[in-house]
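Everything on this sheet refers to the single structure shown next.
The values are calculated or read from the model by the stated rules, or taken from the named source; none is laboratory data. Values in this document were obtained by computation on a predicted structure and should not be read as measured data. Cβ placement follows ideal geometry from the backbone for every residue including glycine, while neighbour counts extend to all protein chains displayed. Protein only, heavy atoms only, side chains kept; ligands, DNA and RNA dropped before computing areas. Shrake-Rupley method; radii C 1.70, N 1.55, O 1.52, S 1.80 Å.
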Amino acid sequence: MTQLALVIDLNVCVGCHACVTSCKEWNTSGWAGPMTDLRPYDEDPSGTFFNRVQTYEAGIFPNTETYHFPKSCLHCEDPPCVPVCPTGASYKREDNGVVLVDYDKCIGCKYCSWACPYGAREIDEKQRVMKKCTLCIDRITDLSLAESLRKPACVLACPTNARLFGDVHDPNSEVSVAIREEGGYQLQPEWGTRPANHYLPRRKTRIQIHEDELVRADNPLKKEQLPTPEAGETLDDVAW
Amino acid sequence: MHPAFSVIFLTTLIGAGQGLFLALYTGQLYSLARLLPVQSESFYALGSIIALALLVAGLVASVFHLGRPERAWRAATQWRTSWLSREVIALPAAMGLILLYGLFHYLGWTNPLFVVSETLPVDITLIVGALATLASFVLFLCTAMIYASLRFIKAWHSPLTVANFLFLGIASGFMLAAALSAYMGTELVAFYGTWAVIATLLGGVSRGSSLYRNSRFRCKVDMQSALGVHHAQLHQKAQGFMGGSFNTREFFHGKSEAFLLMIRYLFLLLVFALPVLLILLAYLLESSRLPVAAFAIQYIGLVLERYHFFTEAKHPQNLYYQSMA
Ligand code: SF4
Ligand code: SF4
């Protein structure tokens, strides 16, 4: 079975919020819209978002590491939000594993949002139904689009390519390879919800260079300056 | 969690309604066994109407919780998986059966249909009452399981939640039955009063245990697991928006510890200590007013108790809002 998901690379996310705005732009005007804003230009603005980017700092200043942390529905493989829904409005698609809400059935009881440990669901104050990330279901299933465009809006918008999209059940997909090789992990794995979305950790790419790899000890141009070995032969003496 | 008054009134009102019905039916069973004098049909009829009115009031309160109440009928469809859906079925079932119970008493349909082992005359009210009793217990279970089944909210995820809803609902229902019999001048005040005190004390034990339990545990997940960043020092610098959001409104009560402590002492006083004292006093003074006061005070206490119940719950999503948590 296919399980579509996002893999978010915390190593390259710069916290620019391009995914947030492109998500809002695409979805507010599309199938999953509107994503209502309340008092957008007044005091205490509020609104519906499927995706938000938070920022965390690990360590104590000045020895800190900054994490920009995009947060959206993780399309859990065992989604606790689905069975609690009394109307059947919340469901997980059989064919691609995307968790969706049917706005025509939802009664806005908010019970599913209580059952999601990630806080990924938000009620739309205007439409009074529950909303959440759809993985841009209207886009990724639209066969009239070129294949390269059949991706969630956030993935296409990300300037650093921090968001990968694909089938995590296909071991050879880009996302599966990234999870396997770059140490991809799930959020709050203790609950057994098995989130389909994964995160890639911060990682440092360092190469170890020793002094003698930079300075050629046996450079003939420096023959005269060669220090006399203190004791016995060096490996260089033997090598030539 | 943010305490929603719609749900607070729903759970306390239907609890009292179910409890009142159970009190009526218990009285009928006792009088059948000749342990209590037989009551007039109007006592059962009036009692059932009050129980029904409480259930209807609870239903009306619950409508304010829904974004789209006009589609509420859909909520009966997922009873296989959802406790909320089961409650949506159990509530009207209990209402209907209690209505029939009251109606049959009102119409005086109490001629035995058949007699079991020549001692137990079974009439239609006894059968409908048994079904309504079953529905009331199922409804208690469904209401409590809505909360107790959420395994992420550890404060609620316990059999104590079911015990609390059950005992406190029965306590307030028997209090109301005592108040009603005192008001109508029947001899059942002491009987209902005694059971009300017993249920209140049982509720005191279970609620006390859940308060104790909730004051001690730690959440299974922490910020490290929520972010997948295993560093001992994690500080949130931005939550992703400047104003509020559903996440910051729905999952935080925004009240100070001191305020919640006050609510806790107040509800312990109003739900447990005062009503028990008042019933004892009513017994000693043979007062017909004090049981009414005991019920009213306990009900107010139960509203506070339910308020506190919501504020006790800590949702794991709050890990993503460090500055508010
Ligand atoms: S992240 Fe929350 S809303 Fe999304 S599938 Fe998992 S439990 Fe459901
Ligand atoms: S808010 Fe809507 S989707 Fe969520 S549980 Fe209630 S009916 Fe289902």
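Which of the residues belonging to segment A:21-48 are within 14 Å of B:PHE241 (Cα to Cα), open to solvent by less than 50 Å² (accessible area, probe 1.4 Å) and either in contact (Cβ under 8 Å) with a residue 40 or more places away in the chain or away from chain B (no Cβ under 12 Å) (or both)?
The answer is A:LEU38, A:SER46, A:THR48.
Do we have B:SER62 as surrounded by 17 or more Cβ atoms within 10 Å (Cβ to Cβ), within 16 Å of ligand 1 (Cβ to nearest atom), within 13 Å of another protein chain (Cβ to nearest Cβ) and not basic (Lys, Arg) here?
Considered against the rule, which asks whether it is surrounded by 17 or more Cβ atoms within 10 Å (Cβ to Cβ), within 16 Å of ligand 1 (Cβ to nearest atom), within 13 Å of another protein chain (Cβ to nearest Cβ) and not basic (Lys, Arg), B:SER62 comes out as no.
Test of understanding: among B:GLY185, B:GLY208, which residue is more than 14 Å from chain A (Cβ to nearest Cβ), open to solvent by 20 Å² or more (accessible area, probe 1.4 Å) and more than 23 Å from B:GLY15 (Cα to Cα)?
Going through B:GLY185, B:GLY208 in turn, just one is more than 14 Å from chain A (Cβ to nearest Cβ), open to solvent by 20 Å² or more (accessible area, probe 1.4 Å) and more than 23 Å from B:GLY15 (Cα to Cα): B:GLY185.
Please work out if A:VAL168 is buried (at least 18 other Cβ atoms within 10 Å of the Cβ), more than 14 Å from every other protein chain (Cβ to nearest Cβ) and more than 16 Å from A:VAL99 (Cβ to Cβ). Explain how you work it out, then say what you get.
On the way: buried (at least 18 other Cβ atoms within 10 Å of the Cβ): yes; more than 14 Å from every other protein chain (Cβ to nearest Cβ): yes; more than 16 Å from A:VAL99 (Cβ to Cβ): no.
Considered against the rule, which asks whether it is buried (at least 18 other Cβ atoms within 10 Å of the Cβ), more than 14 Å from every other protein chain (Cβ to nearest Cβ) and more than 16 Å from A:VAL99 (Cβ to Cβ), A:VAL168 comes out as no.
Given the criteria open to solvent by 30 Å² or more (accessible area, probe 1.4 Å) and either at negative phi or part of a helix (DSSP H, G or I) (or both), does A:PRO159 qualify?
Against the criterion (open to solvent by 30 Å² or more (accessible area, probe 1.4 Å) and either at negative phi or part of a helix (DSSP H, G or I) (or both)), A:PRO159 qualifies.
Given the options B:LEU274, B:LEU281, B:LEU302, B:LEU270, name the one that is in contact with a helix residue (DSSP H, G or I) (Cβ under 8 Å, 6 or more places away or on another chain) and open to solvent by less than 20 Å² (accessible area, probe 1.4 Å).
When all the criteria are applied, what remains is B:LEU302.
I need a count of the residues in segment A:69-121 that are among the hydroxyl-bearing types (Ser, Thr, Tyr), assigned to a loop (DSSP other than H, G, I, E, B) and either away from ligand 2 (no atom under 12 Å from the Cβ) or more than 7 Å from chain B (Cβ to nearest Cβ) (or both).
2
For segment B:209-225: of the residues being assigned to a helix (DSSP H, G or I) and small (Gly, Ala, Ser), which is farthest from B:ALA163 (Cα to Cα)?
It comes out as B:SER225.
Look at segment A:123-137 and say how many of its residues are open to solvent by less than 10 Å² (accessible area, probe 1.4 Å) and facing chain B (nearest Cβ under 7 Å).
Adding up the residues that qualify gives 1.
With the condition kept exactly as written, say whether any residue in segment B:92-105 is surrounded by fewer than 22 Cβ atoms within 10 Å (Cβ to Cβ) and either in a loop (DSSP other than H, G, I, E, B) or touching a residue at least 60 places away in the same chain (Cβ under 8 Å) (or both).
no
Which of the residues that make up segment B:233-267 are among the hydrophobic types (A, V, I, L, M, F, W, C) and touching a helix residue (DSSP H, G or I) at 6+ places or on another chain (Cβ under 8 Å)? Steps first, please.
From segment B:233-267, those among the hydrophobic types (A, V, I, L, M, F, W, C) are B:234, B:238, B:241-242, B:246, B:251-252, B:258-263, B:266-267; that's our starting set.
Scanning segment B:233-267 gives B:LEU234, B:PHE246, B:PHE251, B:PHE252, B:LEU260, B:ILE263, B:LEU266, B:PHE267.
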